[in-house]
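Read through the structure below, which is laid out as structure tokens, and then see the notes.
The values are calculated or read from the model by the stated rules, or taken from the named source; none is laboratory data. If you're wondering where the values come from, they're calculated on a predicted model, not measured in any experiment. Reconstructed Cβ throughout: ideal geometry from the backbone, glycine too, with neighbour counts over all protein chains shown.
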Amino acid sequence: MTYIVKAGLIQTKTGCNKQENIDKAVSFIEKGAEQGVQVFALQELFFSPYFAAEQDNKWFEWAEPIPGPTVSTMQEIAKKHKVVLVVPIFEEVNRGVYYNTTAVIDADGEILGIYRKNHIPHLKGFWEKFYFKPGNLGYPVFDTAYCKVGVYTCYDRHFPEGARILGLNGAEIVFNPSATVDSLSKYLWELEQPAHAVANMYYVGAINRVGKEMDESPFFGTSYFVNPKGQFLSKGSYDQEEVVIANLDLDIITETRKLWQFYRDRRPETYDELIELLP
């Protein structure tokens, strides 16, 4: 029997009012739920502008614990609509300790766990090391009511190692919540993640925000889903706020892995140099 999960990616423009950003995301979740979407993923740091475009202590005031006000709200929404939510926020663990974190909430409102962004960029317009510690929880996979979900946040996508671990840990859908601008890595946006999907034979949902914030280059949307064969299933617009929806046939994962035996033919005993060699 074919098992299909209806999934949605929410791409929005954010402003400097946290509650308005949260309310907007909730409105899109509700619209998608009316269309039968079962699993939603929000964009990176969804309740704020992409503040790492600058280095300013004021943004630490936006951080929250998990559970905390925003995640608790999303737990209620998940339970109300019986949907799975992938919710990226600015996490405060204790005084002076912050992470770029995504909470995965099951369809009954339970927090299944969190993923903390492992690879933290620090370059012009992306001053993330000013705000975030590198993740310390590895590459977990969450067994939700509808599918097995992994998270790989924005800059993480440039590193194939974690993408492979998510596959080995059983991910069926890997979501990449992002804040990616037109002037830097757009040419990689539709290259790297379909490659991860093919190499690991799972679905990828790539989420980007839209609009211009803080005098930087505009975010270019075009959130999308690709299947384990690297084929595009649906794609968002460049500048419109919307829910990008696709039906994900999980049986395609099995079919693809029977055809391409990448996990069978791996040679981990030959890969020691990956951790032994210095750059």
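Residues that are surrounded by 16 or more Cβ atoms within 10 Å (Cβ to Cβ), polar (S, T, N, Q) and free of Cβ contacts under 8 Å to residues at least 60 places away in the same chain were ranked within region 223-257; the one that is nearest to ILE10 (Cα to Cα) is SER234.
When PRO177, PRO228 are checked against the criterion of being of a type outside the set (S, T, N, Q) and under 19 Å from GLU44 (Cα atoms), a single residue qualifies: PRO177. GLY96 satisfies every condition listed in (1) within 13 Å of the chain's Cα centre (by Cα); (2) at pLDDT below 95; (3) small (Gly, Ala, Ser) except (1). Considering region 135-161, the residues that are in contact (Cβ under 8 Å) with a residue 60 or more places away in the chain and in a strand (DSSP E or B) include one that is farthest from the chain's Cα centre (by Cα), namely VAL149.
The residue that is surrounded by the fewest Cβ atoms within 10 Å (Cβ to Cβ), among those in region 46-75 that are assigned to a helix (DSSP H, G or I) and among the polar types (S, T, N, Q), is ASN57.
To keep it simple, each residue is scored yes or no on (1) modelled with pLDDT of 95 or more; (2) within 16 Å of the chain's Cα centre (by Cα); (3) assigned to a strand (DSSP E or B).
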{"position": "GLY205", "(1), (2), (3)": "yes, yes, yes"}
{"position": "GLU213", "(1), (2), (3)": "no, no, no"}
{"position": "PHE225", "(1), (2), (3)": "yes, yes, yes"}
{"position": "GLN240", "(1), (2), (3)": "yes, no, no"}
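A single entry from ILE173, ILE252, ILE275, ILE245 fulfils the requirement of being out of contact with any Lys or Arg (no Cβ under 9 Å at 6 or more places or on another chain) and among the aliphatic types (A, V, I, L, M): ILE275.
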